[in-house]
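Coordinate-derived values only; no laboratory data. None of the values given here were measured: they were computed from a predicted structure. Cβ sites come from the backbone with ideal geometry, for glycine too, and all protein chains shown count toward neighbours.
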Amino acid sequence: MTKVLYITAHPHDDTQSYSMAVGKAFIDTYKQVHPDHEVIHLDLYKEYIPEIDVDVFSGWGKLRSGQSFEQLSAEEKAKVGRMNELCDQFVSADKYVFVTPMWNFSFPPVLKAYIDAVAVAGKTFKYTEQGPVGLLTDKKALHIQARGGFYSEGPAAQMEMGHRYLSVIMQFFGVPSFEGLFVEGHAAMPEKAEEIKANAIARAKELAHTF
Ligand SMILES: Cc1cc2nc3c(=O)[nH]c(=O)nc-3n(C[C@H](O)[C@H](O)[C@H](O)COP(=O)(O)O)c2cc1C
C-alpha cells in the first residue's frame, strides 16, 4: 500500500496559517483521490523530535564502540531510539509532503532537527568510493510553503534558503521528484491576500490528482 508522510512544521492549524490551509486542501483532496493510500500526519510541533545533543553524541559513540542499545543511558536510549524510529518511518514511506511557513528565509528549526534524524548513512544514503549516493530512489516529495514576499523569481529568489535546502537534501537522499507549491506575496500585496490564498488552494487540489 502506498504510504504518504504528511510532515507539518507549523505551530498553527489551517485556520491561522496559509501554509497549513493549502496543505490541508492538498491532503484532503489527495485522500479523496487515493482512498486506498495510507496517509500519516507527522506534526513536528506535537511529536517528540530530539535534537542532536550531548546525549545523542554519547549514545552514538557507545553504539559505534560496540556497546548494545540496552547499555545506553535512559536519556541516550530515549533520544537515539526516537531518532531511529523517525528514520525508519521516513524510509518506509513512498511519498513526502512537507508543509512549512517561511521564517527568516527558511523553515522552522524543528524541521532541521527532523532532517538530522532521518539523514542516516546506510538508511537514506550511503558512502561509496565515488562519494555519497542516495538510497530513496523510488520516492517523490512536495514542499508547500507560505511566504510574505516573493521568492520563486525576482530579486529575492537568491535569499530563499528553505526550499533550496530541502531540495538539496532530497537530491542527497536520491529522491528523483521534488516539487514546490508556494503561497507567495500576501504581505507584499495585502489587497490580493485572499486571491493569492485561493489560487494556491486551487493549485493544491489540482496537484493532489497528479502527485
Ligand atoms: C518569525 C517569522 C519570520 C518571517 N520571515 C519571513 C521572511 O523571511 N520572508 C518573508 O517573505 N516573510 C516572512 N515572514 C512572513 C511569513 O512567511 C508569512 O506570514 C507566511 O504566510 C507564513 O506562513 P503561514 O501563513 O503558514 O504562517 C515571517 C513570519 C514570521 C512569523
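The dipole here belongs to the chain: it is taken about the Cα centre, uses +1 on the Cβ of Lys and Arg and -1 on the Cβ of Asp and Glu, and is about 280 debye. Summarising the amide proton neighbourhood of Ala146: residues at separation of 5 or more, or on other chains, whose placed amide H is nearer than 5 Å comprise Ser19, Thr100, Met102, Val183.
3J(HN,Hα) along region 191-199, derived from phi through the Karplus expression 6.51 cos²θ - 1.76 cosθ + 1.60 where θ = phi - 60°, amounts to 5, 9, 4, 5, 5, 4, 5, 4, 4 Hz, with x in place of Gly and Pro. Here the calculated FRET efficiency for Asn84 and Gln32, from their Cβ-Cβ distance with R0 = 35 Å, stands at 0.55, rounded to the nearest 0.05. For Lys112, the shell of other residues with beta-carbons less than 15 Å away shows a net charge of -3, using +1 for Lys and Arg and -1 for Asp and Glu. When you work out D = kT/(6 pi eta Rh) for the chain at 4 °C and 1.567 mPa s, using the Kirkwood radius from C-alpha pairs as Rh and the Stokes-Einstein form, the result is 71 µm²/s.
Under the combined filter of DSSP loop state and at most 15 neighbouring Cβ atoms within 10 Å, region 106-162 retains these GluC sites (Glu not before Pro): Glu129, Glu153.
In debye to the nearest 20, how big a dipole does region 60-126 give about its Cα centre with +1 on each Lys and Arg Cβ and -1 on each Asp and Glu Cβ? Please list the in-between numbers first.
Numbers: 9 positive and 7 negative charges, 34 e Å.
Once rounded to the nearest 20, the dipole reads 160 debye.
Number of Lys-Lys pairs in region 120-211 with C-alpha atoms under 17 Å apart and a separation of 8 or more places or on different chains: 4.
Taking every Cα-Cα distance in region 54-98 and sorting them into 10 Å bins from zero, the calculated P(r) comes out as 28, 43, 21, 8 percent. Of Tyr48, Ala117, Ala146, which is farthest towards the positive pole of the chain's charge dipole, taken about the Cα centre with +1 and -1 on the beta-carbons of Lys, Arg and Asp, Glu respectively? Working it through, the farthest residue towards the positive pole turns out to be Ala117. Applying a DSSP loop filter and a limit of 16 other Cβ atoms within 10 Å to the GluC sites (Glu not before Pro) in region 22-125 leaves Glu47, Glu51. Summed over qualifying helices (DSSP H, 4 residues or more, each -39500 (n - 2.57)) and divided by its residue number, the chain shows a 222 nm mean residue ellipticity of -13000 deg cm²/dmol. Taken as Cα centroids, region 156-184 and region 107-139 sit 14 Å apart, rounded to the nearest whole angstrom.
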